[in-house]
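The values are calculated or read from the model by the stated rules, or taken from the named source; none is laboratory data. No experiment lies behind these values; they were computed from the predicted model shown. Counting neighbours? That spans all protein chains shown, and the Cβs are built from the backbone with ideal geometry, glycine included. Please note that ligands, DNA and RNA were not included when accessible areas were found on the heavy atoms of the full protein model with its side chains. Shrake-Rupley method; radii C 1.70, N 1.55, O 1.52, S 1.80 Å.
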Amino acid sequence: MNIIAIFKGLATTFGYMFRRKATIDYPFVKRAHASRFHGLHELRRYEDGMERCIGCELCQIACPANAITVIGAENTPEDRHSPGERYAFRYEIDELRCIFCGMCEEACPTDAITLTPRFEMANYTRNSLIYDKSKLLVPAEYGVGEAPHERPGGLPADLGEVARIKSTMEPERGYLATWRGIDILTSEGKTYMPTPAGGELVREPEKLKGGE
Amino acid sequence: MAVFVILAVALIASAVGVISAKNPVHSVVALLTNFAALAVLYLTLSGEFLAMIQMIVYSGAILILFVFVIALLGAGTSVGDLGPNRLAKVMTPAVIVGALALVVLGYALLHAQNPSGGGMLGAATILPGSQSQIAAVTIMPGADGAFGSIADFGRALFTTYLLPFELTAFVLLIAVIGVVVLAGGGAPERRKAAIREPIAKPKRRMEPTR
Amino acid sequence: MIEALPLWLLVAIKSLVLLIIVITLFAYTMLAERKVLAYMQLRVGPNKVGPWGLLQPAADALKMIFKEDLTPSSADPLIYRLAPFIAVFTALLAYAVIPFSQGEHGPWSIANVNAGILFVFAITSMGVYGISLAGWASGSKYPLLGSVRATAQMISYELAMTMSVIGVILQASTTSLSGIVEAQSRMWFIVPQFLGFLIYIITAVAETNRVPFDLVEAESELVAGFHTEYSGLRFGLFFIAEYINMITVSCLATLLFLGGWSGPGSSGHPLLGLLYFVIKVFAFLFFYIWLRGTLPRLRYDRLMAFGWKVLLPLATLNLLVTAIVVALWY
């Protein structure tokens with residue numbers, strides 16, 4: 001029976017009563033999330049209003065949870081959705097399957113699919129959580145959508161390399177893809193590992209299977 | 001008088017409930033009602049202290065141990081599961097013994113001397129005295145010198161009724177010693193050995209596997 | 001004017017007023033407990049219903065009322081339904097004799113009984129029936145275990161509690177609660193009966209089955225103990241009984257050891273006395289909640305050993321010393 005310990009405990013709890021409370025009044029006050037937070041998906045547009053998605057299905061292949069379904073279709077001069085040949089005729093993400101890993105974002109050659117910081121998507125039915133293009137695509141009157149570097153809070157400096165390369169605002173850097181879990185920089189078919197110096201050549205361009 | 005009749009009816013009904021209930025816990029609840037009614041009866045006789053002790057000792061301590069034991073030992077078994085109804089067989093002798101006890105009790109009540117100043121056990125004068133005693137409640141129940149006060153109770157217990165009181169205490173002491181002997185499992189050395197034994201056993205069993 | 005009323009009506013009015021006060025006090029003790037516990041755990045507690053969450057008890061009551069009242073098929077229906085009422089009945093009955101202040105015509109209580117303290121103990125010793133019968137009648141194992149624990153625990157600690165209070169009775173040489181308060185006009189009994197006071201507050205926590213002695217409803221072992229099977233209003237009744245018992249033992253501690261309504265300038269001012277009384281009772285209630293926020297639950301064998309091997313001998317010693325002192329000097 002350590003009676004002194006009991007009094008110590010009582011003093012501790014009494015002191016804690018006057019400390020600042022850790023509670024955040026959640027629905028009314030929202031906490032700032034990490035700048036690289038992975039939330040609800042969004043399909044972005046170019047500044048001229050064209051859809052970025054070209055229906056290449058790379059995100060569908062990259063998705064580890066099989067949550068993405070893309071069916072592409074050809075653009076025609078009368079019915080043009082994206083600048084390229086093809087566009088996503090249907091684009092569906094099952095948010096209940098999604099693990100919010102961000103692989104789709106990394107796989108996307110045009111930065112069309114991005115993960116926004118939004119996370120409040122509770123609903124009553126399963127069907128309502130299968131998001132189709134009408135829910136994912138940024139409406140034309142709402143601008144182009146959020147690029148990763150435009151998120152609230154910006155990007156932390158030490159993590160900037162990947163995100164900076166990802167940005168299509170720097171056309172000379174090409175685009176970023178992920179190869180076996182390593183961020184790699186490809187430009188004109190050459191593959192580079194990002195290094196502080198700029199990039200180390202990893203491999204020469206390969207011909208695609210059954211190439212032209 | 002109306003209070004007395006209601007209490008008497010409650011007492012008898014609950015007493016019948018105690019012996020007629022199939023489920024032991026129902027019997028206990030009936031007995032609890034019985035004790036409570038008895039305590040209120042004491043109150044109407046301005047035996048305040050006795051009523052309180054009745055509640056604290058009998059209802060609060062002893063009867064709750066009944067519940068405890070019933071809850072621990074096969075709570076679900078009712079009297080019906082224990083075999084054929086034996087109540088009918090013992091009915092005739094029980095009625096005879098009960099009637100005899102009633103006659104003796106009635107004789108004792110009618111011929112009991114009413115101790116002056118109201119010794120607590122004089123409260124047995126239920127029949128003729130109840131009216132005046134109820135009237136006494138409104139004056140000053142349980143005050144010093146009044147009927148049924150703690151001082152009077154204590155004096156009666158430790159002077160007039162000292163021998164029965166001490167004898168009863170000895171009977172209870174014997175019961176306690178009996179329980180210790182039965183449940184204690186003998187001398188402390190033997191108990192220690194009994195605790196050590198199960199730890200030693202597995203060692204021997206382990207040997208062949210080596 | 002008051003004397004003109006018939007006695008039964010006066011008692012009925014007093015009882016009704018007291019009932020409303022006690023139930024309200026219960027509701028806000030519960031809210032205070034949640035708030036204080038939250039503050040001790042760096043949370044803010046209920047704050048959405050009404051300003052600072054002050055209407056939370058009303059919301060809780062509504063929830064309780066509209067919840068389904070289930071009776072398990074294995075339960076004993078009569079006793080299962082009876083048990084919560086026994087618990088609340090015995091909890092409330094104690095207030096029949098508790099005086100709250102001293103007026104011109106006598107203490108402010110429903111009935112000024114000479115054996116007041118005995119009455120309170122007689123009634124609170126009935127409270128264990130509510131718990132033990134509830135556990136037995138539920139017809140499942142966790143409630144049964146909880147109620148068996150409750151019975152053993154409450155009987156064990158009731159002994160030490162009564163012993164600690166007999167010291168006070170000896171010193172005041174009366175069993176009337178208002179008489180005990182009057183006997184403390186020179187010195188509160190907490191000073192000469194300090195050991196008794198310590199034993200009383202420890203056993204009081206155990207008697208009301210609260211942390212660190214809440215083995216009865218140890219949720220990590222017994223789901224919810226004796227009220228596992230109860231739902232809706234019947235569960236609510238147990239809840240009410242627990243908190244009202246808490247208030248009762250706080251009132252008793254105030255009356256027996258802290259001089260009840262006495263305080264600077266309280267003689268002749270019943271309302272000021274009432275204020276002192278309420279402040280003292282609230283201090284005890286806060287202490288209860290504070291304990292709950294601090295201490296972990298005792299192991300069951302330690303609980304019993306503590307009751308029988310520490311508290312009971314100490315209480316007996318205290319009683320013995322008090323008896324000798326009273327016999328020689330009073």
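Show log10 I(q)/I(0) for region C:74-329 at q = 0.13 Å⁻¹, two decimals, from a solvent-free Debye sum over equal Cα scatterers.
So the normalised log intensities are -0.82.
Say the cut-off is 27 Å between C-alpha atoms; which of A:LYS135/C:LYS48; C:LYS14/C:LYS280; B:LYS22/C:LYS67; B:LYS89/C:LYS141; C:LYS14/C:LYS48 go over it?
A:LYS135/C:LYS48; B:LYS22/C:LYS67; B:LYS89/C:LYS141; C:LYS14/C:LYS48
For a quick check: with amide H placed at 1.01 Å from N, whose amide H comes under 5 Å from C:GLN102's, ignoring anything fewer than 5 positions away on the same chain?
Those lying under 5 Å, H to H, from C:GLN102 are C:TRP108.
Quick one: if you stick a label point 7 Å off each Cα along the C-beta vector at C:LEU5 and A:VAL144, how many nm between them?
With each label point 7 Å from Cα toward Cβ, the separation is 8.1 nm.
Using 0.36 nm times the number of residues separating C:VAL325 and C:ALA305, minus their current alpha carbon distance, what extension gain do you get?
Contour length minus Cα-Cα distance gives 4.3 nm.
Per 0.36 nm of contour for each residue apart, how much would the distance between C:SER185 and C:ALA12 grow if the chain were fully extended, relative to their Cα-Cα spacing?
Result: 59.1 nm gained on full extension.
Restricting to DSSP loop positions (anything but H, G, I, E, B) with no more than 12 other Cβ atoms inside 10 Å of their own Cβ, which trypsin sites (Lys or Arg not before Pro) remain in region C:273-330?
Sites meeting the loop and neighbour criteria: C:ARG299.
Which residues' amide hydrogens lie under 5 Å from the amide hydrogen of C:VAL44, considering only partners 5 or more residues apart or on another chain, with H built in the peptide plane?
Amide H to amide H, under 5 Å and 5 or more residues apart or across chains, C:VAL44 pairs with A:THR23.
What residues qualify as long-range amide H neighbours of A:PHE89, i.e. H under 5 Å apart, gap of 5 or more or another chain, H built at 1.01 Å from N?
A:ILE71, A:GLY72, A:ALA73
Using the beta-carbon distance between B:TYR107 and C:SER231 and R0 = 60 Å, what value does 1/(1 + (r/R0)^6) give for FRET efficiency, to the nearest 0.05?
0.60
Nearest 0.05, what FRET efficiency do B:VAL5 and B:VAL57 give at R0 = 25 Å with Cβ-Cβ as r?
0.40
Under 20 Å from a point 7 Å along the Cα-to-Cβ line of A:TYR16: which residues of region C:2-38 have their amide N that close?
Under cut-off, by backbone N: C:30-38.
Mind checking how much accessible area C and B bury in total, 1.4 Å probe, in Å² rounded to 100?
Values: alone 16280 and 15290 Å², together 29420 Å².
Between C and B, the summed buried area is about 2200 Å².
Given the peptides A:3-11, C:197-205, arrange them by the average over their residues of other C-beta atoms within 10 Å, most packed first. Let's see the in-between values first.
On the way: A:3-11: 11.7, C:197-205: 22.8.
Descending packing order for the listed peptides: C:197-205, A:3-11.
What nm value, rounded to one decimal, do you get for the distance between A:ALA5 and B:PHE170 when each label is placed 7 Å out toward the C-beta?
Each label point is offset 7 Å from its Cα along the Cβ direction, giving 4.9 nm.
Under the rule that an exposed site lies in a DSSP loop and has at most 10 other Cβ atoms within 10 Å, name the longest stretch of chain C with no GluC sites (Glu not before Pro) of that kind, not counting the sites themselves.
Within chain C, the longest run free of exposed GluC sites (Glu not before Pro) spans C:105-330.
Summarise the accessible area of region C:74-329 (1.4 Å probe, protein heavy atoms) by the percent that is carbon and sulfur.
After summing per-atom areas, the C and S share lands at 71 percent.
Per DSSP H run of n ≥ 4, the term is -39500 (n - 2.57); total these for chain C, divide by its residue number, and report the mean residue ellipticity at 222 nm rounded to 500 deg cm²/dmol.
After summing the helix terms and dividing by residue count, I get -22000 deg cm²/dmol.
Just to be sure I understand the model, the point goes 7 Å from the Cα along the line to the Cβ. What's the resulting B:VAL69 to C:PHE282 distance in nm?
Those two pseudo-labels are separated by 4.9 nm.
Residues of C:129-140, mean number of Cβ from any other protein chain within 10 Å of their own Cβ, rounded to a whole number?
For peptide C:129-140, the averaged partner shielding equals 3.
Residues of A:131-141, mean number of Cβ from any other protein chain within 10 Å of their own Cβ, rounded to a whole number?
Per residue, the average neighbour count from other chains is 0.
Can you work out ³J(HN,Hα) from phi for every residue in region A:6-11, in order, using Karplus 6.51 cos²θ - 1.76 cosθ + 1.60 and θ = phi - 60°, giving whole Hz and x for Gly and Pro?
Values, residue by residue: 4, 5, 4, x, 4, 5 Hz.
Can you give the FRET efficiency to the nearest 0.05 for C:GLU68 and B:LEU162, using r as the Cβ-Cβ distance and R₀ = 56 Å? Kindly include the intermediate steps, with their values, before the conclusion.
On the way: r = 60 Å, r/R0 = 1.07.
Working from the Cβ atoms, E equals 0.40.
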